[in-house]
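The values are calculated or read from the model by the stated rules, or taken from the named source; none is laboratory data. No experiment lies behind these values; they were computed from the predicted model shown. Cβ placement follows ideal geometry from the backbone for every residue including glycine, while neighbour counts extend to all protein chains displayed.
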Amino acid sequence: MTGKSGNLILIGMIAGAILGVLGGLYVGDFFLSIRFIGTLFLNALKMVIVPLIVASMIVGVTSLGDMSKLGKTTGKTLLYYLVTTSFSVIIGIILVNILNPGEGVESLGAFIPDIVADSEGKSFLDVILGLIPPNIIDAAAKGKILPLIVFSLLFGAVLSTIGDKGKPVVAFFEGLNAAIMKLVNWIIYFAPLGVMALIGGIVAENRESLGELLSSLGLYSLIVIVGLLIHATVILPLMLKFFTGRKPLQYFMNMGQALTTAFTTASSSATLPITMECIEEKNNVDKRAASFVLPLGATINMDGTALYEAVAALFIAQIYGIDLTFSDQIIIFLTATLASIGAAGIPHAGTVTMVFVLDAVGLPLEGIGLIWAIDWFLDRCRTTVNVWGDSVGAAIISNTKEFSGK
Ligand code: ASP
């Protein structure tokens, strides 16, 4: 979707978000009753994720042509993920050390949220084990994206080695990919309404506790938001400009629909269809690069989540009066990076994998209960940055010599 209608929809989505906030605050009950409209929008996005990831990755990999290109592209993509995620964690750690948001905050009300307790005992090894699905249909049915990506990568790689026999299969996936993208286009028409209903519902649900939350968790939330802003408006645009020569502001504006959807859904995976559409149709990024970098990025490249996890862990340490040494902070840096890689692109996933960070330096898991109440909001902010990071990555990788031929 290009040009005028795309801009109109973006304006509609932003207006929908504003209306949602106001409506949620002032006519909350009404917005709670129309929440199902938001769920319909969300479900429509989720509906296309599995075929989209499989088809686009297979098409992306087969269009690369040869295995050495695939290897180099994978290497460069992972390097980009690691470098940018590290930058964002460092920003978070520096901000907390300067501003000390946890000092003077009481540790009252600490508890372990259910979804965190349910996942306790899962280690990073489980994430690695989960990469190879024993049953690909089961993985797809459960919406497990990482194993689907691994399967599609392997399948695409194999297809490009079997010559003529593979051609009809590739053609099938090309057709499937085109059809799914068209479907995404249709879903986007529904976005303004979906955004309004989703935002309205969540604001209505939390309206009563908002004031209280902002006073007790204000500085902590502010640090997460300022850190995210520094990463999103300084580091990532500089990288985009430096590596591709593109205009960051224009690139950002073109991603508007995807970024608004990320904020609305708090899910990089659910946003993926729209991220693809904006990247390919509005920012004209090479489709082969986009179909490779974006699905992978939506699951493992989470700059915002990594920053948030580091800030939250240090904040919890300060509340409990636990002094962290320099080497503890290095451990937090490493584990927050890993935990963000392990987090799925779904709401609150980052808070769940934070167990891994807290465990590593011996911080109490109950600390998560202290920040849980504001997670619905910070999750949206970090997801938006996650998607922005993926989008910049797609442009950078499309500019490497494997794609541009330069
Ligand atoms: N909701 C985030 C995402 O989908 C993950 C997180 O909880 O940080 O990108």
Next item on the list: Taking only region 344-365 into account, find how many residues are within 7 Å of the ligand (Cβ to nearest atom) and under 13 Å from Ala312 (Cβ atoms).
Entry: 3
Check: What helices (runs of 4 or more DSSP H) lie completely within region 178-294 and have 2 or more residues being under 19 Å from Ala395 (Cα atoms)?
Finding: 236-244, 248-254, 256-265, 268-277
Notebook entry, point to check: Do the conditions hold for Ile368, that is, is it surrounded by 23 or more Cβ atoms within 10 Å (Cβ to Cβ) and within 16 Å of the ligand (Cβ to nearest atom)?
Noted result: yes
Margin query: Can you tell me which residue is surrounded by the fewest Cβ atoms within 10 Å (Cβ to Cβ) among those in region 222-244 that are under 12 Å from Leu307 (Cα atoms) and out of contact with any Phe, Trp or Tyr (no Cβ under 6 Å at 6 or more places or on another chain)?
Written below: Leu229
Checklist line | Count of residues meeting criterion [at pLDDT 85 or above and farther than 25 Å from Leu240 by Cα] in region 60-100 | finding: 6
Next item on the list: Could you please find all residues in region 161-188 being under 16 Å from Ala270 (Cα atoms) and touching a helix residue (DSSP H, G or I) at 6+ places or on another chain (Cβ under 7 Å)?
Entry: Ile180, Met181, Leu183, Val184, Asn185, Ile187, Ile188
Notebook entry, point to check: What number of residues within region 328-369 satisfy the criterion of being outside any helix (DSSP H, G or I), over 12 Å from the mean Cα position of the chain (by Cα) and not charged (D, E, K, R)?
Noted result: 5
Notebook entry, point to check: Which ones in region 370-406 are charged (D, E, K, R) and not in a helix (DSSP H, G or I)?
Noted result: Lys406
Margin query: I'd like to know if region 318-327 contains one or more residues that are aliphatic (A, V, I, L, M), away from the ligand (no atom under 16 Å from the Cβ), surrounded by fewer than 24 Cβ atoms within 10 Å (Cβ to Cβ) and not in a helix (DSSP H, G or I).
Written below: yes
Margin query: As an exercise: evaluate Phe333 against (1) crowded, with 22+ Cβ neighbours inside 10 Å; (2) of a type in the set (Phe, Trp, Tyr); (3) more than 14 Å from the ligand (Cβ to nearest atom) and give the number of the one condition it does not meet.
Written below: (1)
Margin query: Here is a list: Leu193, Leu238. Which entry is free of Cβ contacts under 8 Å to residues at least 60 places away in the same chain, more than 15 Å from the ligand (Cβ to nearest atom) and in contact with a helix residue (DSSP H, G or I) (Cβ under 9 Å, 6 or more places away or on another chain)?
Written below: Leu238
Margin query: Checking the conditions here, which among Ala394, Ala373 is away from the ligand (no atom under 12 Å from the Cβ), surrounded by fewer than 24 Cβ atoms within 10 Å (Cβ to Cβ) and not polar (S, T, N, Q)?
Written below: Ala373
Next item on the list: For Gly297, work out the one condition from (1) of a type in the set (Gly, Ala, Ser); (2) within 18 Å of the chain's Cα centre (by Cα); (3) away from the ligand (no atom under 12 Å from the Cβ); (4) surrounded by 24 or more Cβ atoms within 10 Å (Cβ to Cβ) it doesn't fulfil.
Entry: (3)
